[in-house]
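This report concerns only the one structure given below.
Every number here is computed from the coordinates shown, using simple stated rules; none is lab data. These numbers come from a predicted model, not from an experiment. Here the Cβ positions follow ideal geometry from the backbone for every residue, glycine too, while neighbour counts run over all protein chains shown.
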Amino acid sequence: MSDHKVDNNALAADNPTVSARPPAEALRELRRWRWQDLVFSARYGGFFVLLAAVLLAPLFLEGLYEFDLAILVFINASVAITLNLLVGYAGQISLGHAAFFGLGGYGTAILATRHDWPALAALLAGVLLVALVAFVIARPILRLKGHYLAMATLGLGMIIYLIITTETGLTGGPDGMSVAPMEVFGYLVFDELVWYWITGILLLLIYWLSVNVIESPVGRALRAVHGSEIAAINSGVNVTHYKTLVFVVSAMVAALMGGLFAFYSGFITPTSSDFMHSIEFVVMVVLGGMASVVGAVVGALLLTLLPQFLAAMADYKWLVYGLILMLVMIFMPKGLVPTVHGWIRRWLP
Amino acid sequence: MSILRVESLTKVFGGLRAIDDLSFTIHPGAVHSVIGPNGAGKTTLFNLITGVYKPTSGRVLIEDRDVSGLATHQRAALGMSRTFQNLQICMNMTAIENVMLGRHLHLDGRFLPSLFRLPRIVRGDAEARERCAELMEYVGLGKYINAEASGMPYGALKRLEIARSLAAEPKLLLLDEPAAGLNTTETAELDGVIARLGDAGVTVVLVEHDMKLVMNISEHIVVLNYGKKLAEGTADEIRRNPDVIAAYLGAA
């Protein structure tokens, strides 16, 4: 059954390879392109729907309030997608991600408002600051697993939140601080529609790049860290490197979104970095579906809009909100998108 | 040149000497076996060789290179691959993706090329997929090529681990009790796969406590008992060795 091949790979130059021809049918199945793969894939179907939604929504949105909601959805979805790389794909929980959002927001706001930095430079500096913090903290913190990692990220978030609320001279303390409007090359970004396109296009970009990462050796390594860290290490995956990488990248995107949020709203308060905000980000990922890019977007959409829809219920708003989350998790433990995807796959040939 | 050499290796857990002053040499080619009763230190030995544990004293050499300071993933890069007694399969991935994980070191694992999905990433993954399908067929998993790992039976997953190890194109393949938990038919199939690997020239080190299984396919056997080397030699020599008989059957 085995045939000897000349292997030109340097890693095992003098090693004979083993191989057998798989059944033609299995190979055909492996190579076959089915329309389901196009329609229900994150890369094609999911991206197309998101693209269409971002492009067409302005035709239906009316007034500042609705545009404001759309911008918030875009910002939250961008954070949720990259948090999902960490939580859903690599299986590493972070209960302090809002701290990176807040730190990016405050870093950008302080530099742009108090030190008159150009907006883009302030944004970049905010992102790099958070990258540095995340990188330094990543090694010790990502050695921990499960509940211990949850506790440690929770603690990290609380420390950053505490610093932001107590450094009154720098951050304005619990009252927050106002942020100078974003000026890019002499153009004042103020209009809601401009903000809509900035955040919308960024979301599309982050979505596309995340799918690229997932469907690559890097993405496979990340999922292997989740599936079996031991198998990953023994396959030559530098687990520490990939954990650090995905932690830093997701923190950087959170920081970028925090900076943009600060500019957009013209005001930033410590609540942007508090525990509840961190939990919200995690719930977006879990509700929409772990290890699903589309799920992260759907989760962000629901969690941003649900409180608005429930506003009419006044006192019962948070009760119903909590109940909906509980019911989804009880009946769809994998999250909305993977569960519905599973149903569709069972219905289709 | 030896492919693997273990020199006066010792590992102490508390008061237990799990591996006790063990030395042996594995030459390239063919199937080698490390056997011994349960608790003899076989899996500990594998964990020392792959760098999961740090030895109390002694050293491990791969192709005459001391690997003491290297982490597990760095040792894998030297051409060493292993399977596990208790399965280590990524159940969140498909069967073929598990095998493709084994090809990690042959692919571009850097972040930026993946982020921008450079053509080499797409090409590398496509080639790896085909190659891994061939490996799955080689270990007799042709019908699972498009399956989810979580839906496969135990015996198939054991062979999936072998396919994943082979995907790395290792110089040295360490198999930790590949037959544990398999029924007789599955064991016979596995026997065939391992023998074929040996014939193809892959250096296989097999850990087993079932002597019957290894006798037919091993060219060279090391017998462990309480962490010490009890005997070493060909299958025939081992079968006749009075110490081995005593350890397995009780003193006559």
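Given a Förster distance of 45 Å, report the FRET efficiency between B:Y154 and A:L205 from their Cβ-Cβ distance, rounded to the nearest 0.05. Write down the numbers at each step before the final one.
Numbers: r = 44 Å, r/R0 = 0.98.
With R0 = 45 Å, the Cβ-Cβ based efficiency is 0.55.
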By the scheme Lys and Arg +1, Asp and Glu -1, what is the net charge of all other residues having a beta-carbon under 13 Å from that of B:E237? -2
All alpha-carbon distances of segment B:64-104, grouped into 10 Å bins from 0, give the whole-percent distribution 23, 45, 26, 6
Around B:L61: net Lys/Arg minus Asp/Glu count, Cβ-Cβ under 9 Å: -1
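What does the structure give for B:80-89 when I average, per residue, the other chain Cβ atoms found within 10 Å of the residue Cβ?
Details: counts 2, 4, 4, 2, 4, 0, 1, 2, 10, 3.
Mean partner-chain Cβ count within 10 Å for B:80-89: 3.
Past 23 Å, Cα to Cα, is the threshold; run B:K11/B:K228; A:K145/A:K243; A:K243/B:K11; B:K158/B:K228 against it and keep the listed order. Walk me through the intermediate numbers first.
Numbers: B:K11/B:K228 11 Å; A:K145/A:K243 12 Å; A:K243/B:K11 30 Å; B:K158/B:K228 28 Å.
Pairs exceeding 23 Å: A:K243/B:K11; B:K158/B:K228.
Tell me, in nm to one decimal, what length is gained between A:Q36 and A:R143 on full extension, where the rule is 0.36 nm per residue of separation less the Cα-Cα distance? Intermediate results must be reported in sequence, preceding the final value.
Numbers: separation 107, 0.36 × 107 = 38.52 nm, distance 3.94 nm.
Length gained between A:Q36 and A:R143: 34.6 nm.
Looking at this model, which pairs from B:K42/B:K212; B:K171/B:K229; B:K143/B:K212 are more than 27 angstrom apart at the alpha-carbon?
B:K143/B:K212
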If you put +1 on each Lys and Arg Cβ and -1 on each Asp and Glu Cβ, how big is the dipole of chain B around its Cα centre, in Debye rounded to 20? 640
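From the Cα gyration tensor of segment A:151-267, with a ≥ b ≥ c the square roots of its eigenvalues, which class applies: rounded if a/c is under 1.5, or else prolate if a/b is larger than b/c, or else oblate?
Numbers: a/c = 3.93, a/b = 1.54, b/c = 2.55.
Cα axes put segment A:151-267 in the oblate bin.
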Which whole-number percentage describes the relative contact order of segment A:62-347, with Cα contacts under 8 Å and a sequence gap of 6 or more? 35
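If you add up the charges near A:S94, with Lys and Arg at +1 and Asp and Glu at -1, over every other residue whose beta carbon is less than 14 angstrom from its beta carbon, what do you get? Please list the in-between numbers first.
On the way: positive: A:K145, A:K243; negative: A:E280.
Once all neighbours under 14 Å are counted, the net charge is +1.
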Centroid-to-centroid separation of segment A:102-138 and segment A:290-349 [C-alpha atoms, Å]: 33
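Just the projected area, averaged over all directions, of the convex hull on the alpha carbon atoms of segment B:80-169: how many nm²?
Details: hull surface 23.4 nm².
Orientation-averaged projected area of the Cα hull: 5.8 nm².
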Per the Kirkwood formula over distinct C-alpha pairs, the hydrodynamic radius of the protein assembly as shown in angstrom is 26.6
For the pair B:A147 and A:L128, the simple spin-label estimate (label points 7 Å beyond Cα toward Cβ) gives in nm 5.2
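Considering every residue in B:160-171, what mean count of other chain Cβ atoms within 10 Å of its Cβ is obtained?
Values: counts 0, 2, 0, 1, 3, 3, 3, 1, 6, 9, 3, 5.
Across B:160-171, the average partner-chain Cβ count within 10 Å equals 3.
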For segment A:207-250 and segment B:177-199, distance of Cα centres in Å: 32
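So what is the relative contact order for chain B, in percent, with contacts set as C-alpha pairs under 8 Å and at least six apart? Before the final figure, lay out the partial values.
On the way: 468 pairs, mean separation 71.0, N = 252.
Averaging sequence separation for qualifying contacts and normalising by length gives 28 percent for chain B.
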Which of rounded, prolate or oblate describes segment A:116-220 when judged by the alpha-carbon gyration tensor and an a/c cut-off of 1.5? oblate
On average, how many beta carbons from a partner chain sit within 10 Å of the beta carbon of a residue in B:108-118? 6
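Quantify how much of the Cα-Cα distance distribution of segment A:62-347 extends past 24 Å, in percent.
Details: 20662 of 40755 pairs.
Of all Cα-Cα pairs in segment A:62-347, 51 percent lie more than 24 Å apart.
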